[in-house]
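The values are calculated or read from the model by the stated rules, or taken from the named source; none is laboratory data. Small disclaimer: the values here were computed from a predicted structure and weren't measured. No Cβ is skipped: glycine too gets one built from the backbone with ideal geometry, and neighbour counts run over all protein chains shown. Remember, those area values only see protein heavy atoms, side chains included, never the ligands or the DNA or RNA. Shrake-Rupley method; radii C 1.70, N 1.55, O 1.52, S 1.80 Å.
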Amino acid sequence: MTDIEPLINAIHQQYGYDLRDYARASLIRRLSLAMKKERLRDFNEFQDRLLHSPAFFYRLLGVLSVNVSAMFRDPDFYLALRRQVIPLLRTWPFIRIWHAGCANGEEVYSMAILLKEEGLYERSRIYATDFSELILEQAKQGIYSCKNVQTYIENYRLAGGKEDFSCYYRSDYDRVIIRNELKKNIVFAQHNLVSDGSFNEFNLILCRNVMIYFNNALKDRTLRLLHQSLCRFGVLALGKKESLNGTELGFRYDTLAENERLYRRIGW
Ligand SMILES: C[S@@+](CC[C@H](N)C(=O)[O-])C[C@H]1O[C@@H](n2cnc3c(N)ncnc32)[C@H](O)[C@@H]1O
């Protein structure tokens, strides 16, 4: 299956999700996998199912866009946030943070924990957005499998965590539930980086491991949107495989930590 154009157009028309500027090779790979998994015979059956079953479509969206995340994923990144970005955030009386492409919320709750430990949570407001409503629902609930907890604990320790990690959740059979006090300053909302605009001005924006699925045109559009949404001297955090180097906006930023993809806006 290589001609995915009709399918992509049909998704756009029926559901309003524009996947035309997603990296093609990765889209084709994921569509093929989904087709196998759902035991669909061919492309026509796939399209038919997709257009007649919104539930199937929203499930597929999760597969196409990849929702992998983890608490304190890339601990060195959080260590750099703690050491290099928190002191900058302290200089503002009120702090607005945007997680663009927040997936199931693990990145967002890691940020809430970090802010709490640094005494900044009470004067922060975190906006956590994703284009998938399904994944946002999971993010809001903040419920995770206890199978992941050992990884979270280890990541948290390596990221310079100051407390016993278990104080941030309560256990419920085979799940852990994030405590409400970490949720109170977080706003979860749907936002599509392909089609939606800027909605506030932020001191820190994280858009990590999202643009790797975009083609160059969409990466540029997204970077412009993030730039428009970042206040002067605000900080932009990208994923390990994403960089501002060589982009048209790169010269408007100082590099805070290239390995951790942390940049500070200096120019207009
Ligand atoms: C791999 S996850 C990254 C999660 C988290 N930022 C991290 O690094 O752990 C990518 C997320 O981007 C979201 N995403 C993909 N395309 C998007 C778009 N156009 N607008 C907003 N979110 C999008 C997906 O739904 C998915 O939750």
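With a requirement of 3 or more residues that are farther than 30 Å from Gly142 by Cα and either free of Cβ contacts under 8 Å to residues at least 40 places away in the same chain or open to solvent by 50 Å² or more (accessible area, probe 1.4 Å) (or both), the helices (runs of 4 or more DSSP H) lying completely within the range 1-74 that satisfy it span 5-15, 24-37, 43-52.
The requirement of being among the aliphatic types (A, V, I, L, M) and within 9 Å of the ligand (Cβ to nearest atom) is fulfilled nowhere in the range 79-93; no residue meets it.
Which residues, counting only those in the range 101-125, are in a loop (DSSP other than H, G, I, E, B) and either within 14 Å of the ligand (Cβ to nearest atom) or open to solvent by 10 Å² or more (accessible area, probe 1.4 Å) (or both)? Once the filter is applied, which keeps residues that are in a loop (DSSP other than H, G, I, E, B) and either within 14 Å of the ligand (Cβ to nearest atom) or open to solvent by 10 Å² or more (accessible area, probe 1.4 Å) (or both), the range 101-125 yields Gly101, Cys102, Ala103, Asn104, Gly105, Glu118, Gly119. Residues that are in a loop (DSSP other than H, G, I, E, B) and open to solvent by less than 60 Å² (accessible area, probe 1.4 Å) were ranked within the range 253-264; the one that is farthest from the ligand (Cβ to nearest atom) is Glu258.
Okay, residues lined up against (1) hydroxyl-bearing (Ser, Thr, Tyr); (2) within 10 Å of the ligand (Cβ to nearest atom):
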| position | (1), (2) |
| --- | --- |
| Leu206 | no, yes |
| Ile212 | no, yes |
| Thr222 | yes, yes |
| Ala237 | no, yes |
| Ser243 | yes, no |
| Glu248 | no, no |
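Checking each residue in the range 126-151 for being open to solvent by 90 Å² or more (accessible area, probe 1.4 Å) and away from the ligand (no atom under 16 Å from the Cβ) picks out Lys147, Gln150. The set of residues in the range 12-32 that are within 16 Å of the ligand (Cβ to nearest atom) and touching a helix residue (DSSP H, G or I) at 6+ places or on another chain (Cβ under 9 Å) comprises Tyr15, Tyr17, Asp18, Leu19, Arg20, Asp21, Tyr22, Ala23, Ser26, Leu27, Arg30, Leu31. Contact annotation: residue pairs with Cβ atoms under 6 Å, 6 or more positions apart or on different chains, pairing a residue in the range 95-111 that is at positive phi with a partner that is among the polar types (S, T, N, Q), are Ala103/Asn67; Ala103/Ser69.
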